[in-house]
Amino acid sequence: MKSILLKSTAIILLFFIGFLPEPKTFISSNRKVINDDFQGQAFYVSKSKMELGRWGERLSEAQKKQIEARLKNRLEKEYILTFNKEEALFYEDEKLDAMSGATDSWGKNFSPGKQYKNVKTNAQIQNQEFYGKQFLVKDKLLDINWILGKETKQIGNYTCFKAMASIPTNELAWYDFSWNRLGNSNNDSEKQIDSTNTTTEDKPSVDMTEVEAWYSPQVPVGHGPLEYWGLPGLILEVSAGNTIMLCTKIVLNPKEKLEIVAPDKGKEITKAEYQKTIVEKMKEFRNNRMGRQRG
């Protein structure tokens with residue numbers, strides 16, 4: 001009699017679970033999750049807040065909205081992460097601007113290219129285009145010291161756990177450029193530090209970015225978008241600086257096998273060398289512009 005009651009209860013629970021509503025903003029396709037051929041795809045959207053600095057204080061709200069509309073293809077992007085247990089390929093799902101029919105050529109120089117990561121070999125290979133020249137950036141994965149929390153929240157069908165990290169901004173966005181970095185490079189070149197002198201000047205403070213990530217152990221891989229990785233589950237949401245990236249769709253073990261191929265074209269270079277290349281090029285642009293103004 002007791003076993004019959006248990007079976008009946010289980011059937012009733014399964015009946016009601018089958019009719020639970022599915023979130024409208026998140027699509028999930030789950031088949032067998034853990035096997036030798038496990039792979040999947042995660043689709044992300046990123047949104048960034050526009051920062052105009054002091055210059056923006058002189059603009060009206062209408063002017064700010066006009067600028068934001070023009071920069072929409074730079075502030076809002078879509079990405080795809082294809083992964084298996086060890087490897088991942090992350091890239092932008094590029095779309096033409098709906099209004100102008102053109103891509104953001106200037107912003108593309110400082111956007112992340114197609115990125116391959118291997119968590120087993122601690123390797124990262126990324127294709128970057130900078131003013132028409134192709135670079136193949138080969139380096140180690142970013143070393144992230146995650147602090148795992150107990151706080152949870154639901155993202156679509158997945159229970160996610162919170163993790164925090166403080167990461168040097170230059171390491172997090174090594175493919176990007178800021179005029180502050182240009183100023184810092186000038187200061188560093190002017191300083192002569194004597195390693196034998198105990199009274200040398202202290203090193204300049206490092207600009208850090210606070211990162212909040214949400215990962216789900218229900219997808220048992222250590223992958224995530226952009227530079228993020230190393231958590232005990234797929235990263236579904238990450239907030240850093242003025243940008244938030246959210247996973248909107250996951251497909252696990254699709255019928256058609258997914259290919260993960262690392263980029264292989266371009267001049268081989270490290271992340272630090274690529275940063276130096278950008279800084280030197282922007283110095284050249286600045287000097288040429290100042291020379292024309294003086295002339």
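The values are calculated or read from the model by the stated rules, or taken from the named source; none is laboratory data. Computed from a predicted structure; not experimentally measured. Here the Cβ positions follow ideal geometry from the backbone for every residue, glycine too, while neighbour counts run over all protein chains shown.
If you scan the range 228-255, which residues turn out to be over 24 Å from Asn122 (Cα atoms) and under 11 Å from the mean Cα position of the chain (by Cα)?
Across the range 228-255, the qualifying residues are Thr243, Ile244, Leu246.
Based on what the data block shows, is Phe135 aromatic (Phe, Trp, Tyr) and under 23 Å from Leu246 (Cβ atoms)?
Answer is no for this residue.
What are the pairs, 6+ residues apart or on separate chains, where a residue within the range 149-176 that is farther than 17 Å from Val211 by Cα and touching a residue at least 40 places away in the same chain (Cβ under 8 Å) has its Cβ under 7 Å from a residue that is surrounded by 19 or more Cβ atoms within 10 Å (Cβ to Cβ) and small (Gly, Ala, Ser)?
Cβ pairs passing all conditions: Tyr158/Ser216; Thr159/Ser216.
Are any residues in the range 216-258 more than 17 Å from Gln41 (Cβ to Cβ), among the small types (Gly, Ala, Ser) and crowded, with 18+ Cβ neighbours inside 10 Å, and if so, which ones?
Passing the criteria: Gly230, Ala240.
Residues checked against (1) modelled with pLDDT of 65 or more; (2) out of contact with any Phe, Trp or Tyr (no Cβ under 8 Å at 6 or more places or on another chain):
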{"position": "Thr200", "(1), (2)": "no, yes"}
{"position": "Val206", "(1), (2)": "yes, yes"}
{"position": "Val221", "(1), (2)": "yes, no"}
{"position": "Gly233", "(1), (2)": "yes, no"}
{"position": "Ile244", "(1), (2)": "yes, yes"}
{"position": "Leu252", "(1), (2)": "yes, no"}
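Checking Gly113 against (1) without any contact (Cβ under 8 Å) to a residue 60 or more places away in the chain; (2) touching a Pro at 6+ places or on another chain (Cβ under 8 Å); (3) small (Gly, Ala, Ser), which test does it fail?
Among (1) without any contact (Cβ under 8 Å) to a residue 60 or more places away in the chain; (2) touching a Pro at 6+ places or on another chain (Cβ under 8 Å); (3) small (Gly, Ala, Ser), Gly113 violates only (1).
Okay, residues lined up against (1) over 16 Å from the mean Cα position of the chain (by Cα); (2) among the acidic types (Asp, Glu); (3) surrounded by 12 or more Cβ atoms within 10 Å (Cβ to Cβ); (4) at pLDDT below 95:
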{"site": "Lys95", "(1), (2), (3), (4)": "yes, no, no, yes"}
{"site": "Asp104", "(1), (2), (3), (4)": "yes, yes, yes, yes"}
{"site": "Asn118", "(1), (2), (3), (4)": "no, no, yes, no"}
{"site": "Gly132", "(1), (2), (3), (4)": "yes, no, no, yes"}
